[in-house]
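The values are calculated or read from the model by the stated rules, or taken from the named source; none is laboratory data. Owing to the predicted nature of the structure, the values given are computational and were not obtained by experimental measurement. Cβ sites come from the backbone with ideal geometry, for glycine too, and all protein chains shown count toward neighbours. SASA here: full protein model, heavy atoms, side chains in, ligands and nucleic acids out. Shrake-Rupley method; radii C 1.70, N 1.55, O 1.52, S 1.80 Å.
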There are 2 protein chains.
Amino acid sequence: MHPKRWLPLLLAMPLATACVDAATPPSAQASTAGVQGQSLQELMQARGLTEADVNAALKTYTPSGKKDEYFIFASGGHGGNLIVIGVPSMRILKYVAVFTPEPWQGYGYGDQTNDLLKTGSRDGRALTWGDMHHPALSETAGDYDGQYIFVNDKANPRVAVVSLEDFTTVQMVASELIESEHGSTFVTPNTDYVIETAQYPAPLGGGYADLSEYDTKYRGAAIFWKFDRKKGRIVPEDSWAVEFPPYMQDLADAGKLASDGWAFFNSINTERATGGNLEGKPPLESGASQNDMDYLHVFDWKKAEEVVKAGKTKTIAGMRVIALQTAIDEGLLYFVPEPKSPHGIDVTPDGKEMVVGGKLDTHATVYSFEKMQQLIADQKFDGRDPYGVPILPFRDAIRGQAEIGLGPLHTQFDGRGNAYTSVFIESKVAKWSLKDLKVIEKMPVHYNIGHILAAEGDTVSPDGNYVVAMNKWAIDRFADVGPLLPQNFQLIDDRGPSMQLLYDLPIPLGEPHYSQMIKADKIKSIDVYKPAGINALTHQIDPFAVKGGEERIERKADGVHVYMTAVRSHFTPDTVRVKEGETVHLHITNIEQAKDATHGFTVGSHNIHVSLEPGKHVNVTFVADKPGVYPMYCTEFCSALHLEMAGYFLVEPK
Amino acid sequence: MHPKRWLPLLLAMPLATACVDAATPPSAQASTAGVQGQSLQELMQARGLTEADVNAALKTYTPSGKKDEYFIFASGGHGGNLIVIGVPSMRILKYVAVFTPEPWQGYGYGDQTNDLLKTGSRDGRALTWGDMHHPALSETAGDYDGQYIFVNDKANPRVAVVSLEDFTTVQMVASELIESEHGSTFVTPNTDYVIETAQYPAPLGGGYADLSEYDTKYRGAAIFWKFDRKKGRIVPEDSWAVEFPPYMQDLADAGKLASDGWAFFNSINTERATGGNLEGKPPLESGASQNDMDYLHVFDWKKAEEVVKAGKTKTIAGMRVIALQTAIDEGLLYFVPEPKSPHGIDVTPDGKEMVVGGKLDTHATVYSFEKMQQLIADQKFDGRDPYGVPILPFRDAIRGQAEIGLGPLHTQFDGRGNAYTSVFIESKVAKWSLKDLKVIEKMPVHYNIGHILAAEGDTVSPDGNYVVAMNKWAIDRFADVGPLLPQNFQLIDDRGPSMQLLYDLPIPLGEPHYSQMIKADKIKSIDVYKPAGINALTHQIDPFAVKGGEERIERKADGVHVYMTAVRSHFTPDTVRVKEGETVHLHITNIEQAKDATHGFTVGSHNIHVSLEPGKHVNVTFVADKPGVYPMYCTEFCSALHLEMAGYFLVEPK
């Protein structure tokens, strides 16, 4: 619709005088009521808005300067970054670079972040992307505490730690124990551990074994990365893992409250199909979909900790690993059947039950922790799997099943006794009662919903209020931008008697898988780095920090050291002269302390770029390998004389 | 405000019955009027919305499935990508990767895009970022035609071509004539040329010269990249450049209609300051701000084309360059004084006038093309600059000056005779009349506005309707996300008697400088690549495209060729066996033709990732250098059995 169709504007009339008479046709009402120039009716008509749309608009619109109530932290999928979204406005507030270099943040274009990215190498190969799936906010007593967020890389098994003090990646750990992962990251209720679970089995610790040896030499595993809250870092040497059979372990969740100390992993492909569709075998999708049941893995991590402490581990790829047989012998691992090719496993807020969605099933199956514990205590098993893991009898382990629909995947909770399950094949959100396992309402979403998200909906105290459908396909929802379409996050109001669709948010970069939604006021981020000279990786003063007045250029054995400051609107020094072949160490401090007074720095044609938030210090090392005259300048529009915040980097020929 | 404060929801009542009586206090009205559960008044009160907010909400809210009227194409600044935003919803629809590798799009993680990025190398150095400033949509007769968009890299002078058929980067050109740029990209009215102008002077063609030789050996230049519309590519061998004095040429604009055939460049630092603040000289910001006037460069590119054809050029860095003296001798280049440290130069829709904003001035100065032409015809000069360029007398060249305020930067137009100028220091948008050069209204924006944008506002036929303030600082506008803040795009409705602020959009990644806004229906993008097997770079069938049923693995002299297809939910072949050290050539075609049926592909721990939109073909070459078992899988959640769309890449030891 062309906007001129709803011109001319009327002068504003106070809203309080608005009175729309049901008996008067809309066209006659046009000039009798006004909201800042146009009547509500006029605006609705002009823009094709229904009453529900008006309601949704007013529930989401967030005026200039008003702040959002919640943050969503969404994985960026194979974009390799973390996405921060405000709720209810559904505005993306930040992309935080994690696995993929990103120059606006100077992430991967200067010494500190280059070194950080190197710690995420695997097999000695530098990796410049990741496939992020499941972010996990740090928890205290099962509730988000707003301090850290952990993220995973499915393609190149790694876990990263992002500090919410400054929304910056501060650590990356990569274990070569496993070759892919998926059930990651999930934290235990006090963030003692960050769990990373393998997906596609492979020989543990790497190395070659043919697929014909799949049953004997390929294995799954879950890594329990120990987190030191005081340091704010994962401690690899205090971490350990447990070996699993070569099923494809899928999603995971940590027990809490009633089930604290346990962790749950579901699995697909207990058929142990390996594909081979050009070798006369069925493709994996059908080979892995033969069995009616797969196995929920029920694991006692508290007891496992003791087993590790007792030294009953073998070390593989530098990681202490509890062998599968040890896990069985020590009574750490039990299986329960779960229907069919399950995807999500979600522990209820009270920790008493585990909800599993079977993607080729129609149910959400509700397991009782108490019943499972009793079965374990009674050693009441329904046989063992081929690797000897005891199997708890399905019917005795569950409270019941909710009939959800085709392709139930993931479940979140609202704290009012309701569960919300994403139903992929039907493209619906199902709201159901945990009490009687009955569906209350099903709402269509657009389209192909994967994960679902509720406000603090996977903690011990869900908020309710908002649900988000994380739809994988958008198809016809947005103006066309070529063959690669955005994902579609649909915000749903769940405060009313029925769910109401509020907003469609296209995700313009990346493919989010899972998200968490936290109250915004739980996060206490900093505005500036104080005092000036902070290394954003260590959150400490950098040894090379530069103070105003102490700028200098020094030649040392390892090259030219340039101690530089940035302040509106110049770098000091703004002329740097080096000789061809010299190694250059730039040490740059933004000595400003005003919020938003960010500078950037580049030397042309040298693939260098750093972001200098107020008080931040960065180091950049490179070799001046070609004579020439290279402009260096501030890349952030910092001031009226921003374009003049520049200088020359001169490389004199040898 | 906690959302529970506005519970409980009431049942929906038809809007047509809504009647809010001014005499009744809001609390008493709560249950008497309803918009889908709550009265307008209740919602406003609960969320702190004013009448203006309600109006703005209804003007911007775009319900699920309704499409935006306009696209904004915004540069991503030092993020190195292009941002696509829908108007009026102000939702970011896509980030298009250009200078920076981006794995979600598979850009820079497979053969075709790796090769493309290599064409943007400078001095033999691979570059993995860019500093994008000014996107330019292709034009026909001075109006956007929706076919291509051109973007620049200020840090590492390059121009890229993005096809709007599929929103994909298809070409990159890098000239080593210049060492930085800024007045780029701007197109001539029929996109004959894409203009790229140097910013920080340097010896043309590279090489070393000390700053003491700045006046004699450093130079500016403008490159006119020839665009072949039929091929959809820039033709470097048909391109040429013109040498400028060593001022810092800043923004540029091409003449149109009345001034077609001419181009305009402004400049700063006619003082020729070079900085040197650690060497006892003033920093550039003050050295470059001494003169009251700098020089607007007025250039006859049509005539220059003839000069180039006549061979009156020298070749530098492979580029035909019109020497400064030739430009003077042939009557191609004239200067006009412009006050003071100007930033924006914007040609009016009729092409008759050029508006310059002086960032240390308070005016928008309006130059008359006709007057300048007469002065040139009459050879009426006010002397010459130190390099011999004739200077047109300032007062005789202008029609007048509009008194705008402190720090006017850029100007756009609405087609109704109004101009909109961004006022940086005041943080305001000034609307003024082109007719009488009087300010009509000034509106505060938040904060530090750089460029300004109006719907098709730099074409021969601006639409009016919307203006966007591209604010560099956000400070307190959004929920805090650490020291690095988003930029703030403020959407303004300019259809009424006064400008109305509609929406604040945080830019979560990158620092946009300039944008253009085009009617969405002008862009005819494709949904899928047809027929299957298309190389997105050439938009032709790839020589290695694979058809269903023709999948195979072949060993050739140059390594193992794997001809693979992707279709929900398997790759064929899904098992690939190679020997350690073999070179592997993957050729993968997504043979699907359903919209949004995108797959992704990775081999774990090999830093490989490609995006396979429907019908797209990609090639990936790498060396299998380490024995092992590497899962390969689909990285896009494509179907219910997406996790099973996987296989193994097996590297057998030698």
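Which order do peptides B:536-548, B:149-161, B:220-232, A:443-455 fall in by mean Cβ count within 10 Å, highest first? List each step's numbers first, then the result.
Numbers: B:536-548: 16.8, B:149-161: 28.1, B:220-232: 19.8, A:443-455: 23.5.
With the highest mean Cβ count within 10 Å placed first, the list reads B:149-161, A:443-455, B:220-232, B:536-548.
If ligands, DNA and RNA are left out, what is the accessible area of B:S286 with a 1.4 Å probe, given in Å² to the nearest 10?
40 Å²
Which cross-chain or sequence-distant (5 or more) residues have an amide H under 5 Å from the amide H of A:V321, H modelled 1.01 Å from N in plane?
For A:V321, whose amide H was placed from the backbone, the distant partners under 5 Å are A:A241, A:K314, A:T315, A:I316.
Between rounded, prolate and oblate, where does segment A:70-190 land on the alpha carbon gyration tensor, with a ≥ b ≥ c its root eigenvalues, rounded for a/c under 1.5, else prolate if a/b exceeds b/c?
Since a/c reaches 1.5 but b/c is at least a/b, the shape of segment A:70-190 is classed as oblate.
Once you order the gyration tensor axes a ≥ b ≥ c over the Cα atoms, which shape class does chain B get: rounded for a/c under 1.5, otherwise prolate or oblate by comparing a/b with b/c? Write down the numbers at each step before the final one.
Working: a/c = 2.09, a/b = 1.12, b/c = 1.87.
Oblate, since a/c reaches 1.5 and b/c is not below a/b.
Around A:R577, which amide H atoms from residues at least 5 apart in sequence, or from another chain, sit under 5 Å from its own amide H, with H modelled in the peptide plane?
Result for A:R577 returns A:L650.
Give me the percent relative contact order of chain B, please, defined on Cα pairs under 8 angstrom at least 6 residues apart.
Numbers: 1792 pairs, mean separation 62.7, N = 654.
Once divided by the residue count of chain B, the mean separation gives 10 percent.
Over the heavy atoms of B:R47, what accessible area does a 1.4 Å probe trace out, to the nearest 10 Å²?
In the full protein context, B:R47 sits at about 30 Å².
For segment B:443-448, just list the computed ³J(HN,Hα) in residue order, Karplus coefficients 6.51, -1.76 and 1.60, θ = phi - 60°, integers in Hz, with x standing in for Gly and Pro.
Values per residue, Gly and Pro as x: 10, x, 10, 10, 9, 6 Hz.
Along segment B:80-86, what does the Karplus equation 6.51 cos²θ - 1.76 cosθ + 1.60 (θ = phi - 60°) give for ³J(HN,Hα), rounded to whole Hz, x for Gly and Pro?
Here the 3J(HN,Hα) series is x, 10, 10, 10, 10, 10, x Hz.
Sort B:S212, A:S422 by heavy-atom solvent-accessible area, probe 1.4 angstrom, most to least.
In descending accessible area the options line up as B:S212, A:S422.
Distance from the Cα centre of segment B:78-129 to that of segment A:418-443, in angstrom?
Centre-to-centre distance over Cα atoms comes out at 40 Å.
So what's Rg/Rh here for the protein assembly as shown, counting alpha carbon atoms and using the Kirkwood radius for Rh?
0.98
Rounded to whole Å, give me the distance from the Cα center of segment A:266-297 to that of segment A:149-208.
Rounded to whole Å, the Cα centres lie 25 Å apart.
Using θ = phi - 60° and the Karplus curve 6.51 cos²θ - 1.76 cosθ + 1.60, what whole-Hz ³J(HN,Hα) does each residue of segment B:576-593 get, with Gly and Pro shown as x?
10, 10, 10, 9, 3, x, 6, 7, 10, 10, 8, 10, 10, 10, 7, 8, 7, 10
Could you work out the helix-only [θ] at 222 nm for the protein assembly as shown, with each DSSP H run of four or more residues adding -39,500 (n - 2.57) and the total divided by the number of residues, to the nearest 500 deg cm²/dmol? Mind dumping the intermediate values first?
Working: 20 runs with 132 residues, N = 1308.
It lands at -2500 deg cm²/dmol.
If amide H atoms are built 1.01 Å from N in the plane of the peptide, which residues on other chains or at least 5 residues away come under 5 Å of the amide H of A:L164?
A:Y148, A:I149
Going 7 Å from Cα along the Cα-Cβ axis for the label, what nanometre distances separate A:K556 from the same residue across the other copies?
So the label point of A:K556 gives 5.2 nm to the other copies.
What spacing in nm lies between the two simple spin-label points modelled at A:K302 and B:E580, each 7 Å away from Cα in the Cβ direction?
In this crude label model, A:K302 to B:E580 measures out at 4.6 nm.
Decide, for segment A:189-275, between rounded, prolate and oblate: order the square roots of the alpha carbon gyration tensor eigenvalues as a ≥ b ≥ c, take rounded if a/c falls under 1.5, and otherwise choose prolate if a/b is larger than b/c, else oblate. Please list the in-between numbers first.
Details: a/c = 3.62, a/b = 1.72, b/c = 2.10.
Taking the square roots of the gyration eigenvalues as a ≥ b ≥ c, segment A:189-275 is oblate.
Can you give the convex hull volume of the alpha carbon atoms of segment B:254-391 per residue, in Å³?
Dividing the Cα hull volume of segment B:254-391 by its residues yields 130 Å³.
Rank A:W129, B:L204, B:A258 by how far each Cα sits towards the positive end of the charge dipole of the protein assembly as shown (+1 on Lys, Arg Cβ; -1 on Asp, Glu Cβ) and give me just the farthest.
Projecting each Cα onto the dipole axis, the largest value belongs to B:A258.
What FRET efficiency would be calculated for the residue pair A:K438, A:S121, taking the C-beta separation as r and a Förster radius of 41 Å, to the nearest 0.05?
Here the calculated transfer efficiency is 0.20.
With every atom except the alpha carbons ignored, what do you get for Rg and Dmax of segment B:464-599, in angstroms?
When restricted to Cα atoms, segment B:464-599 yields Rg and Dmax of 24.2, 73 Å.
Per residue, how much accessible area does segment A:119-242 show when a 1.4 Å probe rolls over the protein heavy atoms, in square angstrom?
So segment A:119-242 comes to 23 Å² accessible per residue, rounded to a whole number.
Between segment B:320-355 and segment B:547-593, what is the C-alpha centre distance in whole Å?
For segment B:320-355 versus segment B:547-593, the Cα centre distance is 56 Å.
Just to confirm the numbers: A:K654, label point 7 angstrom along the Cα-Cβ line, distances to the other copies in nm, shortest first?
Copy-to-copy label distances at A:K654, shortest first: 3.3 nm.
Between B:K231 and the same site in the other copies, what are the distances in nm, shortest first, taking label points 7 Å from Cα along the C-beta direction?
In ascending order, 5.8 nm.
Rounded to the nearest 5, what is the percent of antiparallel bridges among the DSSP beta bridges in the protein assembly as shown? If you can, show how the numbers build up before the last one.
Values: 301 of 337 bridges.
Approximately 90 percent, going by the DSSP bridge assignments.
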